[in-house]
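**Q** Below is one structure. I have some questions about it.
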Amino acid sequence: MAINWTETQIEEVIASVIKSLKSGQVTVNNTWDSTQYNGRKLIGVYADMNDAIDAATAGYKAVRAMSLEEREKVISAIRDLCRKEAPVMAQLGVDETKMGKVSHKTAKHILVADKTPGTADIVAQVKTGDYGLTLTEMAPFGVVGSITPSTNPSETVICNSIGMIAAGNGVVFNPHPNAIATSNYAVDLVNRASASAGGPKVLVASVQKPTLDTAQIMYQHPNIRLLVCTGGPGVVRSVLSSGKKAIGAGAGNPPVIVDDTADVKKAAKDIIDGCTFDNNLPCIAEKEVFAFSNIADQLISGMLENGAYKITKEQADKLASIVLVDSKNPKTGIIKKVVNRECVGRDASVLLEKIGVRVGDEVRCIICETDFNHPFVQEELMMPILPIVRVRNIDEAIDLAVKAEHGNRHTAHMHSKNIDHLTRFARAVETTIFVKNAPSYAGIGFGGEGHTTFTIAGPTGEGITSARSFTRYRRCVMADNFRII
Ligand code: NAD
């Protein structure tokens, strides 16, 4: 299952996407109909959330009746189809949401296919002693209600499906309304894979028009035993107050520290590679840099050599007034800056054009020097814009980086060869993911060890979720017997 992503492999994926596009293999439906794709009806998509839950309940019963071998066969078919149709979903995702990059989204789907754990993740525990044997097994919850984001829509649907089915659950999705066609394409893909491997025709389900109301039906339906939410702070808060067992994978604002022991040239490339991956949509991506003053110039020049474009303070303020907009809380009347959805996940050249700067596609990241209080540092933009704050020493770097992370305890990064600095920052920031001397995506198994997920559950503690996160422990006791030693 392990893969090591190299530059060459990424280039191969990009080349294959371009080839498929040129050969007409990849056709894109521009109508964003969430029920069909190029005239083919999507399987598992219902008008009513109650019907979707009924279908997912039938899917759950079918999974319960399968042997582990049969379950693994279905999962293997999902992996194969996900690899094959990765370029289609990537193109669909970019076209529908207007966010991200086709080549990077293709790579993300292949990562999901290759590195999302299956049934092997479910392991029983045994304790034997004077009083016999006790077995603890990881059992399914039943039907899981999953809320998925617009930033990694089909990736999350497929990753969740593999993990939840491996654990023996059924699953019904309430996908992000802005990515409904892409998400439902992935639901259909899982169902096609299931049917091809001898599983039920409808294994997982979704709705045609997901809304906050359909999410509420999901929260309250007696068949839904576990809620899993991948999204921003609002929706995570809402599932955690649902009264049901919930897993929350929420927002981040990952800081990066670069100290003066780092390989600065490599740090510059790694940070730009991570920050620009899928135009900064991943919640783990580098969002702000705290650089030691004595290496800051070298770091910036390394970034410029790797596709960054530096803007002035005045240009940064102008850009901030465009990419962040006022939003009034209807209950409290308090006005707060929020990201302009029209700018999230857009190319650097598109964002620069908004302040009158015209550049080509070779520019993949906008960098600027700011102070700590600048909104680029404080807000989770999810755009290829990277503020750099100069710091005097490690104390100041850690203090500011921890504050910029806002207690999300999501992800943080550091480039350093000083193990005391690395350890101090990791201890202080307490994030679910801490990446040392690599691009952010190494933290989800892309060029780093370990399995992948697109549901990183910091608030509720499951961390890098996998099949076992979607299980409940059950104990079976045999008193006085079965200890055979
Ligand atoms: P979002 O928060 O806008 O929406 C997520 C989903 O929740 C959508 O389906 C939306 O319609 C729904 N929703 C929103 N409010 C709701 C409510 N009160 N009740 C029920 N449903 C509600 O998410 P997005 O903009 O697509 O994703 C970006 C955010 O998600 C960022 O903050 C990012 O950091 C975070 N994210 C986190 C992870 C993770 O693994 N921790 C992964 C991806 C994205």
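The values are calculated or read from the model by the stated rules, or taken from the named source; none is laboratory data. Since the model is a prediction, treat every value here as computed from it, not as a measurement. Using ideal geometry, Cβ is built from the backbone for each residue, glycine included, and neighbour counts are taken over all protein chains shown.
**Q** Looking only at region 222-242, which residues are in contact (Cβ under 8 Å) with a residue 24 or more places away in the chain and away from the ligand (no atom under 14 Å from the Cβ)?
**A** Once the filter is applied, which keeps residues that are in contact (Cβ under 8 Å) with a residue 24 or more places away in the chain and away from the ligand (no atom under 14 Å from the Cβ), region 222-242 yields Asn223, Arg225, Leu226.
**Q** Only strands (runs of 3 or more DSSP E) wholly contained in region 233-311 count here; list those with 2 or more residues that are touching a helix residue (DSSP H, G or I) at 6+ places or on another chain (Cβ under 8 Å) and aromatic (Phe, Trp, Tyr).
**A** 288-292
**Q** Scan region 190-209 residue by residue and report those that are among the hydrophobic types (A, V, I, L, M, F, W, C) and either in a loop (DSSP other than H, G, I, E, B) or outside the structural domain of Ser161 (by TED's automatic domain parsing) (or both). Give the steps one after another, and end with the answer.
**A** Initial filter on region 190-209 (among the hydrophobic types (A, V, I, L, M, F, W, C)): 190, 193, 195, 197, 202-205, 207.
Across region 190-209, the qualifying residues are Ala197, Val202, Leu203.
**Q** Can you name the residue in region 38-50 that is touching a strand residue (DSSP E or B) at 6+ places or on another chain (Cβ under 8 Å) and not in a strand (DSSP E or B) and is also surrounded by the fewest Cβ atoms within 10 Å (Cβ to Cβ) among such residues?
**A** Filtering region 38-50 for residues that are touching a strand residue (DSSP E or B) at 6+ places or on another chain (Cβ under 8 Å) and not in a strand (DSSP E or B), the one surrounded by the fewest Cβ atoms within 10 Å (Cβ to Cβ) comes out as Ala47.
**Q** Just name the residue that is farthest from Gly248 (Cα to Cα) out of those in region 122-161 that are of a type in the set (Val, Ile, Thr) and more than 16 Å from the ligand (Cβ to nearest atom).
**A** Just the residues of region 122-161 that are of a type in the set (Val, Ile, Thr), to begin with: 122-123, 126, 128, 134, 136, 143-144, 147-148, 151, 156-158.
Those still in the list that are more than 16 Å from the ligand (Cβ to nearest atom) too: 122-123, 126, 128, 134, 136, 143.
Working: Ile122: 21, Val123: 23, Val126: 30, Thr128: 35, Thr134: 31, Thr136: 25, Val143: 17 Å.
Among them, the one singled out is Thr128.
**Q** Would you point out the residue of region 451-462, among those that are within 15 Å of the chain's Cα centre (by Cα) and either more than 15 Å from Asn160 (Cβ to Cβ) or not in a strand (DSSP E or B) (or both), that is farthest from the ligand (Cβ to nearest atom)?
**A** The extreme case among them is His451.
**Q** Tell me which of these Ile398 doesn't satisfy, since it passes every other one: (1) assigned to a loop (DSSP other than H, G, I, E, B); (2) β-branched (Val, Ile, Thr); (3) over 12 Å from Asn253 (Cα atoms).
**A** (1)
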